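These notes are about the structure you will find just below.
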Amino acid sequence: MSKLLGDQAAEQIIQLIIDKDSKPGDKMPNEYELAEQLNVSRSTIREAIKALVSRNILEIRRGSGTFISENCGITEDPLGLIFVKDKLKLATDLLEIRFMIEPKIASAAAKNATQEDIKELETLCDKVDELILKEEPHMDVDIEFHAAIARSSKNIVTAHLIPIINRSISLCIDVTNRQLVKETMETHREILNCIKNQDSNGAYDAMYLHLVYNRRNIKKLIDIEKNKTHLD
């Protein structure tokens with residue numbers, strides 16, 4: 001019974017977040033306040049919060065309280081891709097999906113990006129270049145750059161596609177042993193410039209080229225693996 005009450009309270013908390021137009025990073029009312037608002041016990045609130053944490057809607061910061069997760073409701077691996085054994089096949093298939101959607105997202109970003117969006121993209125693009133030149137890991141910032149392009153498109157659905165795109169980016173960087181650093185710098189900069197200039201066709205083409213470089217390197221690795229298998 002308490003679990004059922006906890007589930008009901010969890011849905012009510014979600015509705016509170018929606019009604020208040022709360023944003024990722026916002027602090028939630030404390031346990032006592034939520035219990036008062038929803039007219040349930042504190043143990044029910046604890047059960048509800050536990051469920052929402054597991055769904056990546058809320059996060060608990062020890063000593064600070066409960067907050068709305070940065071990627072609210074979006075799991076890191078929504079399709080369970082971590083369990084796919086053939087990573088090269090997975091990289092190829094994910095890249096096919098990226099070809100379908102990312103050039104169009106970049107094109108939409110060129111039409112809809114605000115000056116604030118462009119400033120963020122410039123900062124992220126510069127940071128990726130800086131890390132590459134220092135030969136330091138750049139994957140996390142690379143992922144954020146693509147996520148920022150998706151947000152700049154102003155299509156709210158793309159926010160739910162970001163985890164899949166991110167997984168593809170990180171996977172491609174891993175399987176290509178970071179061989180794409182030069183191409184990454186050049187194509188990122190071209191995508192950024194096209195978005196700044198509101199050149200939607202150019203942004204589409206630049207993103208497409210960015211993905212072509214990834215595909216070429218993955219194909220090389222697949223050919224190497226095939227040759228190894230043939231020799232064995």
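The values are calculated or read from the model by the stated rules, or taken from the named source; none is laboratory data. The shown structure was predicted, so the numbers you read here are calculated from the model rather than taken from an experiment. Don't worry about glycine lacking a Cβ; one is built from the backbone with ideal geometry, like all the others, and counts go over all protein chains shown.
Residues that are polar (S, T, N, Q), more than 19 Å from I18 (Cα to Cα) and not in a loop (DSSP other than H, G, I, E, B) are absent from the range 47-58. Exactly one residue among A113, A159 is small (G, A, S), more than 21 Å from Y213 (Cβ to Cβ) and surrounded by 20 or more Cβ atoms within 10 Å (Cβ to Cβ), and that residue is A113. You will find that of A106, A91, the residue that is assigned to a helix (DSSP H, G or I), modelled with pLDDT of 95 or more and within 14 Å of L211 (Cα to Cα) is A106 and no other. Here S22 fulfils each of the conditions (1) in a loop (DSSP other than H, G, I, E, B); (2) farther than 18 Å from I74 by Cβ; (3) polar (S, T, N, Q) apart from (2). Within the range 30-40, none of the residues are touching a residue at least 12 places away in the same chain (Cβ under 8 Å) and touching a Phe, Trp or Tyr at 6+ places or on another chain (Cβ under 9 Å).
Filtering the range 114-145 to residues that are closer than 18 Å to L161 by Cα and either part of a loop (DSSP other than H, G, I, E, B) or among the acidic types (D, E) (or both) leaves D140, D142, E144.
Taking residues in the range 90-115 that are aromatic (F, W, Y), and partners anywhere that are crowded, with 16+ Cβ neighbours inside 10 Å, the pairs with Cβ atoms closer than 6 Å and at least 6 places apart or on different chains are F99/L211. Please tell me if L171 is touching a Leu at 6+ places or on another chain (Cβ under 8 Å), in contact (Cβ under 8 Å) with a residue 60 or more places away in the chain and part of a helix (DSSP H, G or I). Yes: the conditions hold for L171.
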